[in-house]
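Beneath this line is the structure, given in structure tokens, with notes to follow.
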Amino acid sequence: MNDIDPATLGEDIGLFEAIRTTRAIRRLKPDPVPDALIRKVCEAGTFAPSGGNRQPWKFIAVTDPERRQWVAERYRPIFLEYIQPAVELGEKDPNFPERKKKMQRAAIHLAEHLHEAPVHLFVAGWTRRGETQNQALMPAVMNILLACRAVGLGASLTTLHRSFGAECDAWLGLPKNCPTAALIPIGWPLGKYGTPPRKPVDEVLFFDRYDAGRDPEGHRGK
Ligand SMILES: Cc1cc2nc3c(=O)[nH]c(=O)nc-3n(C[C@H](O)[C@H](O)[C@H](O)COP(=O)(O)O)c2cc1C
């Protein structure tokens, strides 16, 4: 990975191709990611829209192995407990979709190997009238996920660290009014990019007026 040029890497992929092939990549190699690439994907984050163009984001890239261990030790037990009921359901229910089981396995892999992910990128922001403003950060998070896809890095959006959020924010040195909203584990992917499973657009797009009769989920009267 020493021969990569962060300035040119990822500049040639088409926007729509990147959008269609960005998915949660949770199996990552432990190999380091150059700081210049972390900078590049965070710079993509800075081009996101924000209310009043306040640009509330702070990006904290945790790369130190001991510090990643600290995060992983807390994330792992909470995540494994969180996902256990869904795993049990999948084991009992013969109709449980294989796609969901695959996602569960990948998410468990991430929890068990989080300390190995070379970059734990935290995205922090701000509070307004005492309330965390996570929505203000999600456009920046999405830009980062797309930028990771463009440069060939694997990444996924996680929020589970909020279960130990106050402790984590203090540990990162953040002030109380600047809590983290997301933890994006980043690294070189073990697997491949691909089109993620999504509903067809024609199931969710309506012109002029919502038509419950055409909605397979049938959100009638809700
Ligand atoms: C608000 C939000 C929170 C999420 N939190 C987590 C999380 O804590 N852990 C995790 O493994 N994935 C998390 N995800 C990722 C989703 O599980 C993932 O986007 C979804 O399964 C689709 O994956 P795909 O793009 O590979 O199809 C989160 C996604 C969103 C939008």
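The values are calculated or read from the model by the stated rules, or taken from the named source; none is laboratory data. Predicted, not measured: the structure shown is a model, and the values here were computed from it. Every residue, glycine among them, receives a Cβ derived from its backbone with ideal geometry; neighbour counts consider all protein chains shown.
One table, with the values for the structure above:
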{"read-out": "Check on Ile60, of a type outside the set (Ser, Thr, Tyr), within 16 Å of the ligand (Cβ to nearest atom) and within 18 Å of the chain's Cα centre (by Cα)", "value": "no"}
{"read-out": "Any hit, the stretch 146-154, residues being within 10 Å of the ligand (Cβ to nearest atom), within 22 Å of Gln104 (Cβ to Cβ), surrounded by 15 or more Cβ atoms within 10 Å (Cβ to Cβ) and of a type outside the set (Ser, Thr, Tyr)", "value": "no"}
{"read-out": "Members of the stretch 86-110 found to be farther than 23 Å from Ile186 by Cα and either modelled with pLDDT of 95 or more or surrounded by 11 or more Cβ atoms within 10 Å (Cβ to Cβ) (or both), listed by number", "value": "Ala86, Val87, Leu89, Gly90, Phe96, Pro97"}
{"read-out": "Residue list for the stretch 28-56, restricted to those being assigned to a helix (DSSP H, G or I), surrounded by 14 or more Cβ atoms within 10 Å (Cβ to Cβ) and β-branched (Val, Ile, Thr)", "value": "Ile38, Val41"}
{"read-out": "Qualifying residue in the stretch 32-52 (condition: touching a Gly at 6+ places or on another chain (Cβ under 9 Å), closer than 21 Å to Val151 by Cβ, within 16 Å of the ligand (Cβ to nearest atom) and basic (Lys, Arg))", "value": "no"}
{"read-out": "Cβ-Cβ under 9 Å pairs, at least 6 apart or on other chains, the stretch 191-207 side touching a residue at least 12 places away in the same chain (Cβ under 8 Å) and under 19 Å from Ala150 (Cβ atoms), far side more than 9 Å from the ligand (Cβ to nearest atom) and assigned to a loop (DSSP other than H, G, I, E, B)", "value": "Gly191/Arg27; Tyr193/Thr21; Tyr193/Gly152; Gly194/Thr21; Thr195/Thr21; Pro196/Thr21"}
{"read-out": "Residue list for the stretch 112-142, filter: free of Cβ contacts under 8 Å to residues at least 40 places away in the same chain and under 26 Å from Ala86 (Cβ atoms)", "value": "Glu112, Gln135"}
{"read-out": "Boolean, Gly165 is small (Gly, Ala, Ser), under 20 Å from the mean Cα position of the chain (by Cα) and at pLDDT below 90", "value": "no"}
{"read-out": "Answer from Arg39, Arg76, Arg54 - the residue that is free of Cβ contacts under 8 Å to residues at least 40 places away in the same chain and within 24 Å of Pro175 (Cβ to Cβ)", "value": "Arg39"}
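For every residue, the table says whether it meets (1) under 16 Å from the mean Cα position of the chain (by Cα); (2) of a type in the set (Ser, Thr, Tyr).
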{"position": "Thr180", "(1), (2)": "yes, yes"}
{"position": "Gly187", "(1), (2)": "yes, no"}
{"position": "Gly191", "(1), (2)": "no, no"}
{"position": "Val201", "(1), (2)": "no, no"}
{"position": "Leu205", "(1), (2)": "no, no"}
{"position": "Asp208", "(1), (2)": "no, no"}
{"position": "Ala212", "(1), (2)": "no, no"}
{"position": "Pro216", "(1), (2)": "no, no"}
